[in-house]
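The values are calculated or read from the model by the stated rules, or taken from the named source; none is laboratory data. Note that the structure is predicted; figures quoted are calculated from it, not measured. For neighbour counting, all protein chains shown are included, and Cβ atoms are generated from backbone atoms with ideal geometry for every residue, glycine included.
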Amino acid sequence: MRVISICPSNTELIDYLGLSNQLVGIDDYSDWPKSITNLPRLGADLSINMEMVEQLKPDLVLASLSVPGMEKNVVALKERGIPHLVLNPQSLKDIETDLIRTAEALQNKESGLEAASKFRARLESLREKWGNKEFKPSIYWEWWPKPIFTPGKLNWLTEISEAAGAQNLFADVELASVQTEWQDIVNRKPDFICLAWVGVRREKIQKSMVKKRPDFELLTELNDEKILILEEELFCRPSPRLLDGLEKLARLIH
């Protein structure tokens, strides 16, 4: 089949299925696996060039609603009558389910069942290894600095935190994404700060950006080692690579 992915997490999901050889086009932000380097680029995930998509004559476009604004891609695909599948995973279980759904859409159900089983087994193994720590440090996850956005309870990073033997600082808020103020973080006194800004490479983030904020000195338990600058591609994209992020996080905080 001729497959197009218009979101990085979907491209990574197809790779996890072992079906990336079917890709004939991708969005500009897809950067994994390295084998996709020479594929046609169809624009940023929020402004896909649908003319190019049509020209590539795909059997299936794998679309997404993981970022606000992607809805217009789905509308355009419908208007043009282009075959597509829309994913919108919010949890690790959703990712497991999407592996099966996507493989079925690509007429390769067996690869989906096998990949889902592998994903589930690794997650259970990581939970068993790290999730039962007696002390579970609290983690303030920062997705965006201004205004501040952090994941709430209904987000995969709450699951990632728990599986790594920690707890999301905002797990008490019944939302997937929470807009808040820096003073709220100071009041909650996290044990760790994890910076993973969406769409920003870790090389461009400095710990000093956080340490200069008002009342940072009140967070007396925080030192340089407890401010972690993490790869957004391992924590902010709802793909199977989140498990690589989970394992890295567990080793860093324990």
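Considering region 1-44 alone, what residues qualify as being of a type in the set (A, V, I, L, M, F, W, C) and out of contact with any helix residue (DSSP H, G or I) (no Cβ under 8 Å at 6 or more places or on another chain)?
Result: CYS7, VAL24, LEU39, ALA44.
Selection of region 174-193 for residues being closer than 21 Å to GLY131 by Cα and among the aliphatic types (A, V, I, L, M) yields only ILE193. Quick one: would you say ALA76 is crowded, with 20+ Cβ neighbours inside 10 Å, within 23 Å of LEU62 (Cβ to Cβ), more than 16 Å from the chain's Cα centre (by Cα) and modelled with pLDDT of 95 or more? For ALA76, the condition - crowded, with 20+ Cβ neighbours inside 10 Å, within 23 Å of LEU62 (Cβ to Cβ), more than 16 Å from the chain's Cα centre (by Cα) and modelled with pLDDT of 95 or more - is not met.
Of LEU230, LEU222, LEU169, all but one fail to be over 21 Å from GLY131 (Cβ atoms) and not basic (Lys, Arg); the exception is LEU222. For region 134-145, the condition holds for no residue, the condition being that it is exposed (fewer than 15 other Cβ atoms within 10 Å of the Cβ) and either at pLDDT 95 or above or closer than 30 Å to ASP98 by Cα (or both).
The set of residues in region 132-150 being assigned to a loop (DSSP other than H, G, I, E, B) and within 15 Å of ILE193 (Cα to Cα) consists of LYS136, PRO137, TRP143.
Give me the residue from region 37-67 that is assigned to a loop (DSSP other than H, G, I, E, B), of a type outside the set (A, V, I, L, M, F, W, C) and within 22 Å of the chain's Cα centre (by Cα) and, out of that set, surrounded by the most Cβ atoms within 10 Å (Cβ to Cβ). The selected residue is ASP45.
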